[in-house]
Amino acid sequence: MATLIRSKLSNKLSNAATAVSNKSQAKVSGMFAKMGFQAATDEEALGFAACDDLDYDHRQGMQMDILTTDEMGGEASGDGGALDGDSHYQRDGTGPPHSASKDGGPTDELSEVKPKITAWEAGWNVTNAIQGMFVLGLPYAILHGGYLGLFLIIFAAVVCCYTGKILIACLYEEDEDGQLVRVRESYVDIANACCAPRFPTLGGRVVNVAQIIELVMTCILYVVVSGNLMYNSFPNMPISQKSWAIIATAALLPCAFLKNLKAVSKFSLLCTLAHFVINILVIAYCLSRARDWAWDKVKFYIDVKKFPISIGIIVFSYTSQIFLPSLEGNMQRPNEFHCMMNWTHIAACILKGLFALVAYLTWADETKEVITDNLPPTIRAVVNIFLVAKALLSYPLPFFAAVEVLEKSLFQDGGRAYFPDCYGGDGRLKSWGLTLRCSLVVFTLLMAIYVPHFALLMGLTGSLTGAGLCFLLPSLFHLKLLWRKLLWHQVFFDVAIFVIGGICSISGFIHSMEGLIEAFKYNIED
């Protein structure tokens, strides 16, 4: 009996000592985690093996979530059980772990199998982004740049293709076996990794602000071009360009109620076909006047004051870096990404160059900011109606993307959100969420009314955010994250792109602002 009692007391004391020891280890592990150090348990070593060779900055930006059990008995059950202090690494360093639910089970998000896209489908998305209706401003860039403008169309295609590739390279790190592992998911993750550990969220905020500016400016340009096209299609009607912009915005108000893009995506093919018909009509008309092409008007010199604006126009027509990380992550074969970028940008370069040159040769010094305004009245009305339909159908895409960024940053950012969530428990949009969306639609209208200058706005946006997202940030991030692995010519390319992009961005921004001030001063209308 005495032996049995001593045995039970010994087991209880042993269990208690084990529990205390485990809790102590958990507290010490948690303390070191807060200080930025990483505790290495056997399970963690296995889970982190694929990312073992990450840069110091990225390791410092990672956090551990210490999972503890509520009952002491579960700590020493089975064959040793899971000890207090087991940690799960998070790549974004914020919020709850994405790899497990609160009870340790897998989340529904991970259990869903997302459909992957082929390289051709990815190329179609990139082509839609860089072959959009903003190519209608490229002949105006040739007007002020001549042959240098054509060279810039080619140069911008090469640089944007290269920066798209190096941006994707920043998503990967090598593991201990030398295999590339995707450790980041988005442009924001790359920016945050570059600014960690001192400012772990600064880079993401800068990228978010740039994305919001570019998306909102794209929406404004759609309203501007809709008002401009309708006004020039029906000049005899007693309706001003501003009034046409208001009518177009009234048709866009239902965008404020969008919860997803399923309804809008049905029109994407129609949108692309409309744009294809427009390009064919414009090029066919230009070819019919090939005898009168003004080759002597294509200059070898540039308009120093207007050409920087043309740079912004050309750069803006190539912007696609915002969604490239997501696109590459959804490809069935990510190793085909480089090939896809090559043929899409080569095709864009050829088509844009031919379109801009042929259109400029047809109208020469009379080339307008939106090239369809040069067409004869009968053809112009038909083409412009197609363009307005395309603009109105394209508006919801950047609008919804801008709303998502704003809602995630201001309303849904976990415990750091500045305002309450826009959605109720039943998924319905709350009043302040609807107010945000309506305010954004009205803001695009007001900007379109008071700044109705398509080329100047396009040049300003391209110089401010287009150059930043396509030239400056990718090259800077590439140097920061992969400095030790870059060859000398890669470093040279990155530095050269950063310097040239910075000069073009600053000069384009200054001259675009000067153009807008001059337009306001002399009350110049498009």
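What follows draws every value from the coordinates through simple rules; no lab data is involved. Computed from a predicted model, the values in this text were never measured in an experiment. Glycine gets a Cβ as well: all are built from the backbone with ideal geometry, and neighbour counts include every protein chain shown.
Which cross-chain or sequence-distant (5 or more) residues have an amide H under 5 Å from the amide H of ILE117, H modelled 1.01 Å from N in plane?
Excluding prolines and chain starts, which carry no amide H, the hits are MET331, GLN332.
When ranked by the protection proxy of mean other Cβ atoms within 10 Å per residue, highest first, what sequence do the peptides 373-379, 470-476 form?
Descending packing order for the listed peptides: 470-476, 373-379.
How much length is gained if the chain between ASP177 and ARG205 is pulled fully straight, taking 0.36 nm per residue apart and subtracting their Cα-Cα distance, in nm to one decimal? Walk me through the numbers on the way to the answer.
Values: separation 28, 0.36 × 28 = 10.08 nm, distance 3.38 nm.
Additional length available on full extension: 6.7 nm.
Can you tell me the FRET efficiency between LYS408 and HIS489 if r is taken as the Cβ-Cβ distance and R0 is 41 Å, rounded to the nearest 0.05?
0.60
Among 174-186, 285-297, how do they line up by average Cβ neighbours within 10 Å per residue, starting with the highest?
Top to bottom by mean Cβ count within 10 Å: 174-186, 285-297.
Using the structure shown, list the pairs from LYS242/LYS297; LYS165/LYS408; LYS305/LYS352; LYS299/LYS352; LYS305/LYS521; LYS297/LYS352 with a Cα-Cα distance above 25 Å, or answer none.
LYS242/LYS297; LYS165/LYS408
Residue by residue through segment 383-391, which ³J(HN,Hα) values in whole Hz follow from phi under the Karplus form 6.51 cos²θ - 1.76 cosθ + 1.60 (θ = phi - 60°), with glycine and proline marked x?
Whole-Hz 3J(HN,Hα) from phi for segment 383-391: 4, 5, 5, 4, 5, 5, 4, 5, 5.
Arrange the peptides 461-467, 366-372, 512-518, 402-408 so that the one whose residues have, on average, the most other Cβ atoms within 10 Å appears first.
Details: 461-467: 27.7, 366-372: 20.7, 512-518: 16.6, 402-408: 18.1.
Result, highest mean Cβ count within 10 Å first: 461-467, 366-372, 402-408, 512-518.
Output the direction-averaged projected area (hull surface divided by four) of the convex hull of the alpha-carbon atoms of segment 130-205, in nm².
7.7
Ordered by residue, what ³J(HN,Hα) values in Hz, to whole numbers, does segment 330-338 give under the Karplus form 6.51 cos²θ - 1.76 cosθ + 1.60, where θ = phi - 60° and Gly and Pro are x?
9, 7, 5, 10, x, 5, 8, 4, 4
What distance in nm separates the simple spin-label points at PHE151 and ARG333, each placed 7 Å from Cα in the Cβ direction?
My value for the distance between the label points is 3.8 nm.
Would segment 305-364 count as rounded, prolate or oblate if I go by the C-alpha gyration tensor, calling it rounded below 1.5 in a/c and otherwise prolate when a/b exceeds b/c, oblate otherwise?
oblate
Amide H neighbours of LYS299 under 5 Å, at least 5 residues apart or on other chains, H built in the peptide plane: list them.
When sequence neighbours closer than 5 places are left aside, the close amide H contacts are GLY146, TYR147.
From the backbone phi of segment 149-156, what are the Karplus-calculated ³J(HN,Hα) couplings (6.51 cos²θ - 1.76 cosθ + 1.60, θ = phi - 60°) in whole Hz, Gly and Pro given as x?
x, 5, 4, 5, 4, 5, 4, 5
Residue separation times 0.36 nm, minus the C-alpha to C-alpha distance between THR118 and GLU185: what's the value? Walk me through the intermediate numbers first.
Values: separation 67, 0.36 × 67 = 24.12 nm, distance 1.87 nm.
Here the answer is 22.2 nm.
Full-extension gain between ILE500 and TRP343, please, as 0.36 nm times their residue separation minus the C-alpha to C-alpha distance.
On the way: separation 157, 0.36 × 157 = 56.52 nm, distance 2.45 nm.
That works out to 54.1 nm of additional length.
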